[in-house]
Amino acid sequence: MDDDGTRAAPAAGEPLDRRAELSEFLRTRRARLKPQDVGLPDFGRHRRVPGLRREELAQLAGVSVAYYTRLEQGNGRNVSAEVLDAIARALRLTDAEHAHLTHLAKPKQHKKKRASREQQQVRGALRHLLDSLEGVPAYVSGRRSEVLAWNRMAAAVFGDWSELPPRERNWARMVFLAPAYRDLFVEWDAKASDMVSYLRLYAGCHPDDPELSALVGELSVKSEEFRRLWATHDVKEKGHGVKRLRHPLVGELSLSYETMTLPDDEEQHLVVYHAEPGSPSAEALRLLASWGTDAVRAGLGENLRAHPDR
């Protein structure tokens, strides 16, 4: 346990404890709600812990306190989908959080896929598509946010990933351990939070993934920010939005991004960035594209690598 009472992240290679994950996820979701948030009276009594009490949550979900207590203690055996739905509504979970709760409480009983132990492969046609997307940064990410393939514009904007060993081509490692990305992302805190939320969601489906456990263990040792964010148990689906970047060659960029799950592999995502037509960011991308390989060589440079002291 950490000083705040949460279970520490696993050591490298140690599987995640699904029961502990279920317990802490429910506890942290309950702690963020106040009685007035869910229409319950708050009589101003001193609360030993933040958020709703277990009996209040059980009342909202229409289950007994003893039943909910067993579930929050990590005993999700035989819990029905209807009860999980009721608890999700009471906790006001997002769709991603609801799915995460279901994965933790009712894990699918299926044979372990060999693919989970093998390196993911990107189809040749998809690589050709990446190369054909001239003028826009695009890449394919994998199970644990690995960067599997990318085009020249992605290298010009985010750094030449070909200079990194395959193990280091991972967004979580780069965001938390490589100095260049702290400078590149204007809202680095938001990017870091997103990365941990994606990993948490994946971990709920694959707690026995040894490569995930190794990644979480390494980042927990090397990054205090990662440990803090991991303890929040926040989960989030990859989607769309806007990222502001501070590029060393062309200055500040504001780029919209779209994340598309591939139809033949739901654990691979195509991510494409683009700028508003006629905007300064669009002109900056055009300038980077005109510089060709020179922009890639002169981009983020050696700071792309993880810092040895982190």
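For the reader, a short list of remarks on this structure follows.
- Residue in the stretch 32-51 that is aliphatic (A, V, I, L, M) and modelled with pLDDT of 90 or more present: no
- Any hit, the stretch 14-30, residues being part of a loop (DSSP other than H, G, I, E, B), in contact with a Ser or Thr (Cβ under 7 Å, 6 or more places away or on another chain), surrounded by 15 or more Cβ atoms within 10 Å (Cβ to Cβ) and modelled with pLDDT under 90: yes
- Residues located in the stretch 267-281, provided they are within 19 Å of GLN121 (Cα to Cα) and charged (D, E, K, R): GLU267
- Of all residues in the stretch 170-214, those that are of a type in the set (A, V, I, L, M, F, W, C) and touching a strand residue (DSSP E or B) at 6+ places or on another chain (Cβ under 7 Å) total 4.
- Filtered residues of the stretch 239-260 (kept if under 30 Å from ALA20 (Cα atoms) and in contact (Cβ under 8 Å) with a residue 60 or more places away in the chain): none
- Residue check, PHE185 aromatic (Phe, Trp, Tyr) and modelled with pLDDT of 95 or more: yes
- Residue that is nearest to PRO137 (Cα to Cα) [pool: residues in the stretch 211-260 that are hydroxyl-bearing (Ser, Thr, Tyr) and touching a helix residue (DSSP H, G or I) at 6+ places or on another chain (Cβ under 7 Å)]: SER254
- Qualifying residue in the stretch 132-143 (condition: assigned to a helix (DSSP H, G or I) and hydroxyl-bearing (Ser, Thr, Tyr)): yes
- Close Cβ contacts (under 6 Å, 6 or more residues apart or on different chains) running from residues in the stretch 162-174 that are under 14 Å from ALA214 (Cβ atoms) to residues that are assigned to a strand (DSSP E or B) and at pLDDT 90 or above comprise ASN170/GLU146.
- Number of the condition not met by PRO179 [criteria: (1) of a type outside the set (S, T, N, Q); (2) in the same structural domain as ARG32 (by TED's automatic domain parsing); (3) within 21 Å of the chain's Cα centre (by Cα); (4) surrounded by fewer than 19 Cβ atoms within 10 Å (Cβ to Cβ)]: (2)
- With a requirement of 3 or more residues that are among the charged types (D, E, K, R) and at pLDDT below 95, the strands (runs of 3 or more DSSP E) lying completely within the stretch 197-310 that satisfy it span 265-274.
- Filtered residues of the stretch 233-255 (kept if more than 23 Å from GLU146 (Cβ to Cβ) and surrounded by fewer than 16 Cβ atoms within 10 Å (Cβ to Cβ)): VAL242, ARG244, ARG246, PRO248, LEU249, GLY251, GLU252
- Lone qualifier among MET174, MET153 - being among the hydrophobic types (A, V, I, L, M, F, W, C), in a helix (DSSP H, G or I) and within 22 Å of ARG227 (Cα to Cα): MET174
- Figure legend. Inter-residue proximity from the stretch 24-41: first residues touching a residue at least 24 places away in the same chain (Cβ under 8 Å) and among the aromatic types (Phe, Trp, Tyr), second residues in a loop (DSSP other than H, G, I, E, B) and crowded, with 19+ Cβ neighbours inside 10 Å, beta-carbon distance below 6 Å, spacing 6+ or different chains. Indicated pairs: PHE25/HIS233.
The values are calculated or read from the model by the stated rules, or taken from the named source; none is laboratory data. Since this is a predicted model, take the numbers as computed values, not measurements. So basically every Cβ, Gly included, is an ideal-geometry build from the backbone, and we count neighbours across all protein chains shown.
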